[in-house]
Each structure stands twice: as structure tokens, then as C-alpha cells.
1. When only C-alpha pairs under 8 Å and at least 6 residues apart count, what is the relative contact order of the range 139-180, in percent?
2. Pick from 101, 175, 146: which residue has the top mean-square fluctuation in a GNM of the chain where Cα pairs under 10 Å get a spring?
3. In square nanometres, what is the average projected area of the Cα convex hull of the range 18-112?
4. Say R0 is 35 Å: what FRET efficiency, to the nearest 0.05, do residue 43 and residue 83 get from their beta-carbon distance?
5. So how much accessible area does residue 100 have, in Å² to the nearest 10, using a 1.4 Å probe?
6. At a Förster radius of 35 Å, what calculated FRET efficiency corresponds to the Cβ-Cβ distance of residue 214 and residue 114, to the nearest 0.05?
7. Longest segment of the chain with no trypsin sites (Lys or Arg not before Pro) in a DSSP loop having at most 12 other Cβ atoms within 10 Å?
8. Enumerate by residue number the chymotrypsin sites (Phe, Trp or Tyr not before Pro) in the range 59-126 meeting two conditions: DSSP loop (anything except H, G, I, E, B), and at most 13 other Cβ atoms within 10 Å of the site's Cβ.
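The values are calculated or read from the model by the stated rules, or taken from the named source; none is laboratory data. Values in this document were obtained by computation on a predicted structure and should not be read as measured data. Reconstructed Cβ throughout: ideal geometry from the backbone, glycine too, with neighbour counts over all protein chains shown. Remember, those area values only see protein heavy atoms, side chains included, never the ligands or the DNA or RNA. Shrake-Rupley method; radii C 1.70, N 1.55, O 1.52, S 1.80 Å.
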Amino acid sequence: MSTHIGAKPGEIAERILLPGDPLRAKWISENFLDDTKCYSTVRNVYGFTGTYRGVPVSVQGTGMGMPSASIYAHELINEYGVQTLIRIGSCGALSENLQLGDVVAAIGASTDSAMNRQRFDGLMDYAPVADFGLLRTAVDVAAGRGVGMSVGPVLSTDAFYTDRPDLYDRLADYGVLVVEMEAAALYTIAARHRARSLALLTVSDHLRTGERSSAEDREQGFSQMVEVALDTIIT
Ligand code: ADE
């Protein structure tokens with residue numbers, strides 16, 4: 001096992017979906033994968049491996065925020081040989097053109113996190129971006145399924161509750177579609193260790209209108225995104 005994942009070598013597939021919520025990982029394994037096995041319960045951050053259309057796929061919770069997601073991405077790639085990682089999460093909309101339940105693919109992720117500033121000694125602003133091949137496949141898959149997926153830049157923030165909503169407005173002026181909490185770290189770690197990554201997000205709340213999805217709507221929106229993610233990851 002690695003420091004935070006209780007799997008034996010070979011128990012995790014090369015392709016993995018990464019929801020923040022460990023119970024989502026369980027729900028995905030029960031509803032979308034066949035022949036599933038739980039490979040880790042360390043800290044109750046569950047991980048499962050199964051098959052999707054005959055292809056081995058794993059699903060691992062990452063917890064909330066970049067420090068937690070970074071730990072799982074780092075260990076999955078470096079200790080278990082994972083090569084393709086797709087985050088499937090929720091986000092808050094900044095763009096007036098988005099509605100609750102819409103799916104967004106993050107082409108790149110701005111961030112207020114200091115993690116990347118530290119990596120580059122505060123001398124560079126690194127631009128974390130999605131793997132182009134994965135993003136292109138996801139766009140094709142969504143179109144084929146009739147899912148109207150938006151593609152654009154996102155903000156990965158450290159703080160769910162912000163004292164500076166004015167900065168969100170400014171980012172929206174620069175085309176940033178939504179705010180979430182993990183993509184910048186995932187893209188950076190995947191790039192650093194030569195893996196491929198993408199973040200798909202469902203709008204669960206709207207920062208312009210104050211609307212929030214009901215639990216039922218969240219589940220339906222989430223299912224659409226999981227299907228796009230699974231079809232993408234096996235392609
Ligand atoms: N994830 C879902 N909604 C969010 C929000 N409003 N801010 C940050 N992350 C989120």
C-alpha cells in the first residue's frame with residue numbers, strides 16, 4: 001500500500017475517475033461498473049476497481065481541495081502506475097450563460113492556491129491545462145450523447161467561502177466559467193509525472209443567481225457527466 005491508499009500492486013486500473021466525495025466513488029462503482037472490488041478504505045476515502053464495457057476502470061475519492069486531491073493524484077500515478085485521470089466533480093457557476101446541472105470541461109485552471117507558486121519559487125505563474133487528447137475525446141463523446149457540454153477555463157480555489165467575491169467577478173470578465181477546488185492541482189501533478197488528466201464538472205450552485213441544485217437534480221446531472229467520463233476514459 002501507499003501512504004494513503006490501501007491497494008496492493010496491480011489492484012488499481014491504469015484509468016481512474018476521481019470524485020471528491022468517497023460515497024460518490026461507491027455509488028459510481030455500484031451503478032456504472034461491473035465486477036467491482038473495493039481496494040481501499042483508508043480514512044474512509046474509498047477506492048474501487050471494476051470494468052466498464054469490459055475495460056478495467058477504477059474510481060477513487062480524493063476529498064475536498066487541492067492539498068487532499070494532490071495526495072491521491074501523486075500516489076495513484078507514482079505508486080500505482082495510473083496513466084489517465086478524470087476528475088468528476090461539482091462547481092459553482094460564474095457565467096450567466098450556465099444553468100444548474102450543466103456540464104463543463106475545464107480546458108485550464110486559474111488558481112488562488114500557493115501550491116504552484118511554491119513549485120516555481122514565486123517566479124513563474126504556471127498555467128495548468130487539460131490533456132488535449134482527453135478533452136477532444138470528451139467533447140466528441142458529449143456531442144454524440146447529446147450532452148451540451150461547455151468547454152472553458154475554471155477557477156480552482158482553496159476557499160469554498162470567500163471574502164472576495166469581487167475577484168470572482170473579475171475572473172468572469174476574463175471568461176472563467178465556474179469555480180471548483182481541485183482541477184489546478186490535478187492538471188499540474190499529471191503534467192509533472194507524465195500522466196493525462198481532465199476535469200469534468202456539473203454546476204451544482206450558481207453564484208450569480210444564488211440557486212442550488214436539489215439532491216435529486218444533482219444525482220441526475222452527475223450521472224450524465226459520469227457517462228461522458230467513462231466513455232472518454234475507455235476511448
Ligand atoms: N463546488 C461546488 N460549488 C462550489 C463553489 N461555489 N465554490 C467552490 N467549489 C464549489
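1. Across the range 139-180, relative contact order equals 50 percent.
2. Sorting by GNM fluctuation, first place goes to 146.
3. Seen from a random direction, the Cα hull of the range 18-112 projects 7.4 nm² on average.
4. 0.90
5. 60 Å²
6. 0.50
7. 54-193
8. 120
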